[in-house]
Amino acid sequence: MERDVVVSNTAAAGSSPSPSASPFAETRLICRVCQKQFAQYTCPRCNSRYCSLPCYKGHSLQCTESFMRENVMDELKQMQPEAESKKKMLDILKRLHLEEEIESDGEDESMLSEELIQKVMSGEEVNIEDLSDDEIKQFRQALASGELSKMIEPWTPWWKKPSARLISLSPDGNQLIRQVREEDTATSDPTTDQEPSINEIPEGPESPLPSLKQLTRVEPSPLLSIHLVDILYSYCFTLRLYNGDWHSDPLGASTVALSMSKVMGEDAKPETVPEALTACIEETCSPAYRHTGGFRFAIGLVDDIISILSLGHNALVCALSDFHRLIEAGKSMLKVEKVGKTESTQSSSKLRGAARKLFFMTCWVHEQPEEAWPPLARIVEVQKASLEELDTGSRKADIKSRPQSKVLIEEL
């Protein structure tokens, strides 16, 4: 059986103990894993002493896996929807179903005129002032129903591509190898701005990530994994809304992102995964964003979260770095936009706060063991199934509650 190596302060100093020295002189234990540093922590399962996160990860695979498994099982036991969260989600679904019925009842057979469709398809600029009242109404109905989105080539998210499983980062968390594109090597005019490709995996941080100890003296909140779910939902929503090309409107994209993420936009601190997802889904189903697809679109975004979490550490760091770049680009764009001073100050303050949170979250994710993400993905997966079950039950209840139409003419 291994024994902990004990070093006394007097011995470490290289001096002989004084006759008057206390027999209870302070001693320190050496890390059992690396045998180089003083042990500052103790494993909660086997009581092994270790000095750092890498040594914790390496001291016993059985311990780390069991510890993560117990954490997720405890979380799953508490995953029964709280009465308040369940009622709130049911209210959202009932309201959404009612609005869908009203819209479908008043829907015209053809929402857009052939002439307007041809203008959009040919790439001509269509101004709202050029349209008649009927065309404006038809255009807004088409926008709300998603008819216009069918004319756009669907974007495949990077986290759905096989190459997402091959992301490599350095031990410090920054980009290991920068992807070289043809346009990088070609001679180009430096005054011409080239839009970044939206089909590639986003790059990781350009510089090594600092440790959390360098950023704060306070112990990180145990709720950060839940806040990560909120942030990933906002990231996936924004990229899908902009069809992957947030570079075309960084300020608009960052504004959308902050309105969707309650953690970044309102400094909310959800305490459970259901609470975090309910707030995001409620915003998705609101009048401002209902045209994106409502509840079914929201469920697809939850599936996106599961995909990114399942890809693991490197994909998460790249996603958060891409999100951070989006917010920083929004900040830069805000400086050149002509907006009121008060509005500009408020928006700038929110964007700065969001950028700080994203950078801290990126550093926190980088320090977590790889074993932390499959359990969190499983928790989100369980919540997704629960949401789908609620939706199915809500639709059945709506159908049963509808009054049966009376027979106006009875066949004799």
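The values are calculated or read from the model by the stated rules, or taken from the named source; none is laboratory data. It should be emphasised that the depicted structure is a prediction, and the values quoted were computed from it without experimental measurement. Counting neighbours? That spans all protein chains shown, and the Cβs are built from the backbone with ideal geometry, glycine included. Each accessible area value is taken on the protein alone, full model and side chains, heavy atoms only, with ligands, DNA and RNA left out. Shrake-Rupley method; radii C 1.70, N 1.55, O 1.52, S 1.80 Å.
Considering the range 338-353 alone, what residues qualify as being open to solvent by 100 Å² or more (accessible area, probe 1.4 Å) and modelled with pLDDT of 85 or more?
Lys350, Arg352
Considering only the range 222-242, state which residues are of a type in the set (Phe, Trp, Tyr) and surrounded by 22 or more Cβ atoms within 10 Å (Cβ to Cβ).
Within the range 222-242, the first condition is being of a type in the set (Phe, Trp, Tyr), and the residues that meet it are 233, 235, 237, 242.
Residues satisfying the conditions are Tyr233, Tyr235, Phe237.
Taking the condition free of Cβ contacts under 8 Å to residues at least 24 places away in the same chain and in a helix (DSSP H, G or I), does Thr345 pass?
Details: free of Cβ contacts under 8 Å to residues at least 24 places away in the same chain: yes; in a helix (DSSP H, G or I): yes.
Yes, satisfied.
Would you please name the residue that is nearest to Ala329 (Cα to Cα), looking only at residues in the range 259-270 that are open to solvent by 20 Å² or more (accessible area, probe 1.4 Å) and not in a loop (DSSP other than H, G, I, E, B)? Steps first, please.
We begin by selecting, within the range 259-270, every residue open to solvent by 20 Å² or more (accessible area, probe 1.4 Å); these are 259, 262, 266-269.
Checking the rest, the ones that are also not in a loop (DSSP other than H, G, I, E, B) come to 259, 262.
Values: Ser259: 17, Lys262: 20 Å.
Going through the qualifying residues, I end up with Ser259.
What about Arg356, is it in a helix (DSSP H, G or I), open to solvent by 10 Å² or more (accessible area, probe 1.4 Å) and closer than 21 Å to Pro250 by Cα?
Working: in a helix (DSSP H, G or I): yes; open to solvent by 10 Å² or more (accessible area, probe 1.4 Å): yes; closer than 21 Å to Pro250 by Cα: yes.
Considered against the rule, which asks whether it is in a helix (DSSP H, G or I), open to solvent by 10 Å² or more (accessible area, probe 1.4 Å) and closer than 21 Å to Pro250 by Cα, Arg356 comes out as yes.
A quick yes/no check of all residues on (1) within 26 Å of Thr392 (Cα to Cα); (2) modelled with pLDDT of 90 or more:
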{"position": "Lys269", "(1), (2)": "no, yes"}
{"position": "Leu277", "(1), (2)": "yes, yes"}
{"position": "Thr292", "(1), (2)": "yes, no"}
{"position": "Val302", "(1), (2)": "yes, yes"}
{"position": "Ile306", "(1), (2)": "yes, yes"}
{"position": "Ala319", "(1), (2)": "no, yes"}
{"position": "Lys335", "(1), (2)": "no, no"}
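List pairs: first in the range 311-331 and among the basic types (Lys, Arg) and open to solvent by less than 10 Å² (accessible area, probe 1.4 Å), second part of a helix (DSSP H, G or I) and modelled with pLDDT under 95, Cβ under 6 Å, 6+ apart or cross-chain?
Filtered contacts from the range 311-331: no entries.
Determine whether Val273 is closer than 27 Å to Ala329 by Cβ, of a type in the set (Val, Ile, Thr) and surrounded by 19 or more Cβ atoms within 10 Å (Cβ to Cβ).
Working: closer than 27 Å to Ala329 by Cβ: no; of a type in the set (Val, Ile, Thr): yes; surrounded by 19 or more Cβ atoms within 10 Å (Cβ to Cβ): yes.
The answer is no for Val273.
Could you tell me which numbered condition Val273 fails, if it satisfies all but one of (1) farther than 23 Å from Val380 by Cα; (2) modelled with pLDDT of 90 or more?
Answer for Val273: the failing condition is (1).
If Ser261 satisfies all but one of (1) within 15 Å of the chain's Cα centre (by Cα); (2) farther than 21 Å from Arg352 by Cα, what's the number of the condition it fails?
For Ser261, the failing item is (2).
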